[in-house]
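See below for the structure under consideration.
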Amino acid sequence: MNAKLESGVTTRPVTRQTFDEVLVPTYAPAAMVPVRASGLDVWDQEGKHYLDFTSGIAVSSLGHCNPVLVDAMTRQINTLWHLGNGYTNEPVLRLGTALTEATFADRAFFCNSGAEANEAALKLARKYAHDNFGPHKSRIVSCYSSFHGRTLFTVSVGGQSKYTEGFEPLPPEINHINYNDIESARAAIGDDVAAVIVEPIQGEGGVIPGDVEFLKTLRELCDKTGALLVFDEVQSGVGRTGALYDYMNVGVTPDILTSAKALGNGYPIGAMLTTNEIGQHFTVGTHGTTYGGNPLATTVALNVIDQINQPAFLARVREAGARIMANLEKLAADYPQLFTKPRGKGLLIGLPMAADNKGRAKDYTKVAEKLGLMLLIAGPDVVRLAPALIVSDEQIAEADRLMRQAADAFLAG
């Protein structure tokens, strides 16, 4: 028998311990619990202030509680929340138009997350291959150390065994190549390949930019074999690298592109973009999602695109990224026992740990957090910085000061 809920359930006191008591332990969250935020500023339950250089893992690119988004969401909440997929709505039509006008794509499919966008992309690629070549053309090629989501299909495509152990048997016909390894790609991509999926800059894999020649070779091999090239821009997209999408930086156009994270600035939404020729293979009933393209999510995303896809805004992202990169290069030079040369693009930057401190990236970020700076990791060996794209010069300088303070504290034990 279910116990009756106590009155006041929405306001009952909760702490970090509550997580351990009632939630499935798929995460190990920080000891502090954020309760309020604005821009890049965050405050926890104790009133302590933090400078957020994570933006929710490259999500809140316009900052917490962005006033333009708050206003747009408030208007839409008071207008129309949800419709079944037997109906369309004005916000999704406007967003689809905006994204196709701004990219190579002719068609858009909206869903709720990056994993769901990648599921759609890979399903579409296999459907396209089956319709045009037959069922033998089904193999998917991905890269080791990539990350494409947490569903069984996408985690298998990701090529990181730590995420698949214990979930076998895994979906078949998925192979992996070494990232930025042209010969590995040539050996793997044959006529039976339906899709090659790649991040133009690996995020979870260590913030490693794709070599332009490697990405161009993937394009050439896909053209030669009839495979579709899928760019996973869930993390690199929506301005993060200084262009609306990173394919625009590298000069390689995919057949399918996936987007999520920053697209909704924290409101769940994902998108798959493709061409008319490919998109027509998703006919009525072949794919779908209950919440995808709902008016709330698409209203937020439309306003996100409107703010970010401006030349001056993207130029500022590149400028801010260059400023942070210069600071990190000096930090690595001043603390060679702790860090090596940073890498990345725009405002997606990785700072690798030096040999003597391999595997201790999380330890360093915990020290920084105690000092009031929120940072990410990209695997055990890399500190990842992904601040909101609106980060100011003053906040960049403050992060540099705190990272140096954290380095001293870390080395002091």
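Observations on the structure shown:
- Matching residues, the range 382-410, being free of Cβ contacts under 8 Å to residues at least 60 places away in the same chain, crowded, with 21+ Cβ neighbours inside 10 Å and either among the small types (Gly, Ala, Ser) or farther than 19 Å from Ile201 by Cβ (or both): Ala406
- One residue stands out among those in the range 34-56 that are hydrophobic (A, V, I, L, M, F, W, C) and surrounded by 15 or more Cβ atoms within 10 Å (Cβ to Cβ): the one that is nearest to the chain's Cα centre (by Cα), which is Phe53.
- Residue in the range 124-141 that is within 30 Å of Phe167 (Cβ to Cβ), hydroxyl-bearing (Ser, Thr, Tyr) and open to solvent by less than 10 Å² (accessible area, probe 1.4 Å) present: no
- Within the option set Thr299, Thr283, Thr258, Thr290, being more than 16 Å from the chain's Cα centre (by Cα) and open to solvent by less than 30 Å² (accessible area, probe 1.4 Å) holds for one residue only, Thr299.
- Residue check, Gly86 assigned to a loop (DSSP other than H, G, I, E, B) and either closer than 15 Å to Phe231 by Cα or touching a His at 6+ places or on another chain (Cβ under 6 Å) (or both): no
- One residue stands out in the range 369-385 among those that are small (Gly, Ala, Ser) and under 18 Å from Thr340 (Cα atoms): the one that is modelled with the highest pLDDT, namely Ala378.
Yes/no matrix, rows are residues, columns are (1) crowded, with 24+ Cβ neighbours inside 10 Å; (2) under 20 Å from the mean Cα position of the chain (by Cα); (3) hydroxyl-bearing (Ser, Thr, Tyr); (4) closer than 24 Å to Pro380 by Cβ:
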| position | (1), (2), (3), (4) |
| --- | --- |
| Pro172 | no, no, no, no |
| His176 | no, no, no, yes |
| Asp191 | no, no, no, no |
| Glu204 | no, yes, no, yes |
| Thr217 | no, no, yes, no |
| Gly226 | no, no, no, no |
| Glu233 | yes, yes, no, no |
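- Residue among Thr74, Thr18, Thr11 that is hydroxyl-bearing (Ser, Thr, Tyr) and open to solvent by 90 Å² or more (accessible area, probe 1.4 Å): Thr11
The values are calculated or read from the model by the stated rules, or taken from the named source; none is laboratory data. These figures come from a predicted structure and were not determined experimentally. We place every Cβ from the backbone using ideal geometry, glycine too, and count neighbours over all the protein chains shown. Heads up: the accessible areas ignore ligands, DNA and RNA and are worked out on the full protein's heavy atoms, side chains in. Shrake-Rupley method; radii C 1.70, N 1.55, O 1.52, S 1.80 Å.
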